[in-house]
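Okay, so here's the structure we're looking at.
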Amino acid sequence: MKECSQCKVKVNTPRKTCPLCGQILIDDSKGKAEENLYPSYEYPNKKHNTAVRILLFLSIISITISATINILTFMGSYWSIYVVLGVLYGWILLRATILSHQNIAGRLLLQLFTLSIITYAIEKLANSDGWAMEYVIPFLCIATTFSIGVIILIKPMRYTDYVSYLFMTIIISWIPLIFYFTDMIKVAWPSVAAASFSLTTIVGMITFADRATKDELKRRFHI
Amino acid sequence: MTRKKWYKLDNAAKIFPSVSNKGRTNVFRLSFDMIEDVDPLLLQEALQIVINRFPMLNVKLKKGVFWYYFETNEKTPVIQPESPFITRLIEYYKDNNGFLFRIYYFKKRITLEVFHSLTDGFGGLEFLKSIVYSYLELKDVEIVNNLGVLSDKIECIREEDQDSFNVHYNNKLKGSRKEPKSLRFKAQEYQNNWLGLIVGTMDAGQVKSLAAKYNCTITELIGAIVFYSAYKSRHLFANQDRPFTMFIPVNLRRFFPSKTLRNFSLYVRTKANLDEEQSFASFLAIIKKDMEDELDKDKLQARFAINVRSEKNFALRIVPRGIKEIVLRATYNKVASSANSFSLSNLGVLKLPDEMKCCIDKVVFCNGASYTYPINMGVITYNNKLTISFTSELIDRSLQREFFRFLSKEGIEVIIENNDLEVE
C-alpha cells in the first residue's frame, strides 16, 4: 500500500498523489497496482435542446414586438397582453401537458385550470359581458368530468390513479353555480348544467364505488 | 383486489420531500465491502426476498391534497451498477420504479442509498443487513442468526412501522425552536453538485484507547478533533464571529422503547468559537460539557414535542400541500440552513453473526453533504474497524487533512481511500 510522508497515512488508491495533501506517495507495493475502489466518471455532455431554445426565443421576440407596436400605436387598448396570454398558454400546452409525464387526468385538470384563468383574463381585458364565466368555464368543467370519466371506464385498472382528479373536477364544477347565486353572472343554464352533470357523476361514483375508491379518497384527502 | 397499504410520513420525514433538490438530496449511504466480488443476480434475488419483509420501505411517495404519503409500491426494486456520484438525488417519480432507495453493486461492494424520508441510519442499516444476510444465504453460507438480523423468516411486528415521535409525544413539554446562527463554509465547490468522498479506516481498539486516554467517548473524541481541524482551517469559513456548530444525530431508540424502522432520531448540538485562542483540550472540554447537558431524555423529548405539536395543529393541517411546501421550504432555508455548520453522525458498533463476519470486510456510512452543509461526516464501527467518511461539496480538503493528520500524529494507523473526483 502507498504511504504519504506528510500526512503519515496509508493510501489505498491507484493515484500517484495523496488525496489529502497532494504530496507524491511513497509506493512500497513493488509494482502491484491498486484497484480502483470507485467507478470512474466522465464529465457529462450538457444537452442543449435546440428546438426548445428556438421556441423560447420566438416567444420572447413575438412578445417584445407586439408590446413595442402596442405602445407606439397606442389606441386605448392593451392588445399585446392577448399575445402574452397566447404564448403562455402555448408553453403550458406543450411542456406541462403534451410533453408531461404526469397522469392524463392530472393533465386534463391542469388544462381546466389554465383555460379557465386565461379565458377569464381575456374576458376582463376585452370588457365583454361575462361569456367566459357564463359559458366557457361551465362547459370546460363538463368536458373535463366527462373525459376523466371516460378514461376511467376505458382503463379501470388505473382507476385509483384517476379518481382523486375526477373528484376535484367535480368539486370545481360547482363553482360557476356559486357565482350565479352571488350575482356575478347572469346566464344560469350552463352553470346549472355543469353542477347537475357533476352531481350525476358523483352519485354514479358513490353508487358504483368499491372499497378501493373509498380508500383512495381517504389517502388523498387525509389531513 | 387487495387493499393497498399506506402510511403517513412520520414526523421527521415530513420536511424532506419539500426541501430536497439536486444540491440538497437528503440521501445517506451505507456500504458493505465484501471479501468476494458481488454477484448481481443473487443480489437482485436477495433484494426481492427482503423487500417484502420491510413493508414500510416497499413504498412510493404520493401527493395527497393536504400531505404527502407513502403507498405500497407494486413494482419491483432493481439493483444498479454503482454510480460514480454518491448520494445523488432520488427523484421520487422517475428513479428506480418509484422506490426511495437504491441498491448499488460495484466489484466487492454492496451499497444502499436511502432518502431520509423513508428511514434514518438505524432503519437503513437493518435493511442492508437483511439484504446482505439473504444474499449470503443464497450463496449457500450457513448463518446462525443469533443476533436477530431481520430476515424473511422473522415475522414483521406491528411496532416496526410506528411513528414513534407521536407515540412518545408529551404535550405538556414546552421548548423553543430558536437557534443562533452558525459559521458557514465558503469555498469553491465541485461542479454539478458532485460530492467528494474520503474514507479513513482504522483500528477501533486504537481509537478506543485514545478516547480512554482523554477520558471521553469516541463520538466526543472525533467531535473534538473536528473542532480542532476546523480551527486549523479557518480560511474555509465566511463569517468568523459566529460559532462553529456541530450537529450530532442521536438515535432516540436508545432513550425510548421503540422498535420502529422508520425515522426516530433527533440531534444534539455543540458549538465552539473559532476566533478565540483554542486548543484540542479546550474543544474537548466544550464538547464533553455539551453532550452531558444535551443528551438527556427529557430535553430530547421536549425538543421533538415542538415538531409533533405543529404537526398536530389543525389549522396547519388543513392548509393545502402546495402552500405548506412553500412555507416549509422558506422556514427551512431560513432556520435550518444557518443553525449548523457540520454534521457528525456516528452509527455506533455494528454486530453481525460470525458467519457473516467472514464474508464482510468493512462497512462505511456516508452522510450526504449539501449546499446547506457542505462537509458531513459518517462514522461506523464493525469488526474492530472504525471507518470515518467525509462527504464534501468543497474542493478544498484542508479540514479532512488536518483531521487525519491529528489521528496519525496520535499514533493511529489510518488507511485512506477516496472516490476520484479531482480538480481539473
Given (1) within 11 Å of chain A (Cβ to nearest Cβ); (2) in contact with a Pro (Cβ under 7 Å, 6 or more places away or on another chain); (3) not basic (Lys, Arg), number of the condition B:Ser345 does not satisfy
(1)
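Just one of B:Tyr267, B:Tyr231, B:Tyr214 is within 26 Å of B:Ala281 (Cβ to Cβ), assigned by TED's automatic domain parsing to the domain that holds B:Phe404 and within 15 Å of the chain's Cα centre (by Cα); which is it? So that I can check it myself, show each step before the final result.
Details: B:Tyr231 fails: within 15 Å of the chain's Cα centre (by Cα); B:Tyr214 fails: within 15 Å of the chain's Cα centre (by Cα).
Answer to the check: B:Tyr267.
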Return the residues of the stretch A:93-118 that are closer than 22 Å to A:Tyr159 by Cα and among the β-branched types (Val, Ile, Thr); say none if nothing qualifies.
A:Thr97, A:Ile98, A:Ile104
For the stretch B:14-125, list the strands (runs of 3 or more DSSP E) that sit wholly inside it and hold at least 2 residues that are under 17 Å from B:Lys4 (Cβ atoms) and within 14 Å of chain A (Cβ to nearest Cβ); which are they?
B:59-63, B:68-72
Quick test of your reading of the structure: B:Leu421 fulfils all but one of (1) modelled with pLDDT of 90 or more; (2) within 13 Å of chain A (Cβ to nearest Cβ). Name the failing condition by number.
(1)
Let me confirm something: among A:Ile152, A:Ile142, A:Ile117, which residue is at pLDDT below 90 and surrounded by 14 or more Cβ atoms within 10 Å (Cβ to Cβ)?
A:Ile152
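Residues in the stretch B:398-412 that are farther than 20 Å from B:Ser233 by Cα and either part of a helix (DSSP H, G or I) or facing chain A (nearest Cβ under 7 Å) (or both): how many?
Filtering the stretch B:398-412 for residues farther than 20 Å from B:Ser233 by Cα gives B:411-412.
Filter again for either part of a helix (DSSP H, G or I) or facing chain A (nearest Cβ under 7 Å) (or both), leaving none.
The qualifying residues number 0.
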Screening B:Asn26, B:Asn96 for residues that are crowded, with 18+ Cβ neighbours inside 10 Å and at pLDDT 90 or above leaves only B:Asn26
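So that you can scan it fast, the table gives a plain yes or no per residue for (1) at pLDDT 95 or above; (2) small (Gly, Ala, Ser); (3) in a loop (DSSP other than H, G, I, E, B):
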site	(1), (2), (3)
B:Leu197	no, no, no
B:Gly200	no, yes, no
B:Leu210	no, no, no
B:His235	no, no, no
B:Asn239	no, no, yes
B:Met246	no, no, no
B:Ser258	no, yes, yes
B:Val268	no, no, no
Single residue of A:Ser147, A:Ser128 found to be in contact with a helix residue (DSSP H, G or I) (Cβ under 6 Å, 6 or more places away or on another chain) and polar (S, T, N, Q):
A:Ser147
Hey, B:Lys334 hits all of (1) buried (at least 17 other Cβ atoms within 10 Å of the Cβ); (2) within 23 Å of the chain's Cα centre (by Cα) but one; which does it fall short on?
(1)
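Test A:Pro14 against the stated conditions and say whether it is under 28 Å from B:Ile110 (Cβ atoms) and either surrounded by fewer than 15 Cβ atoms within 10 Å (Cβ to Cβ) or more than 10 Å from every other protein chain (Cβ to nearest Cβ) (or both).
Values: under 28 Å from B:Ile110 (Cβ atoms): yes; either surrounded by fewer than 15 Cβ atoms within 10 Å (Cβ to Cβ) or more than 10 Å from every other protein chain (Cβ to nearest Cβ) (or both): yes.
Yes: the conditions hold for A:Pro14.
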Only one of B:Glu402, B:Glu413, B:Glu393 is within 15 Å of A:Asn12 (Cβ to Cβ) and not polar (S, T, N, Q), namely B:Glu413
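Do we find a residue being at pLDDT below 90, among the charged types (D, E, K, R) and exposed (fewer than 11 other Cβ atoms within 10 Å of the Cβ) anywhere in the stretch A:95-102? Step through it out loud before you land on a result.
Here is the first cut: in the stretch A:95-102, the ones at pLDDT below 90 are A:95-102.
Now drop any that are not among the charged types (D, E, K, R), which leaves A:95.
Then drop every residue that is not exposed (fewer than 11 other Cβ atoms within 10 Å of the Cβ), which leaves none.
No, because not a single residue in the stretch A:95-102 is at pLDDT below 90, among the charged types (D, E, K, R) and exposed (fewer than 11 other Cβ atoms within 10 Å of the Cβ).
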Enumeration of residues in the stretch A:171-223 that are more than 14 Å from chain B (Cβ to nearest Cβ), part of a loop (DSSP other than H, G, I, E, B) and free of Cβ contacts under 8 Å to residues at least 24 places away in the same chain
A:Thr182, A:Asp183, A:Ala188
Please go through the stretch B:270-303 and give me each residue that is over 19 Å from the mean Cα position of the chain (by Cα) and outside any helix (DSSP H, G or I), ordered by number.
B:Lys271, B:Ala272, B:Asn273, B:Leu274, B:Asp275, B:Glu276, B:Glu277, B:Gln278, B:Ser279, B:Asp296
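The values are calculated or read from the model by the stated rules, or taken from the named source; none is laboratory data. None of the values given here were measured: they were computed from a predicted structure. Note that each Cβ is placed from the backbone with ideal geometry, even for glycine, and that neighbours are counted across all protein chains shown.
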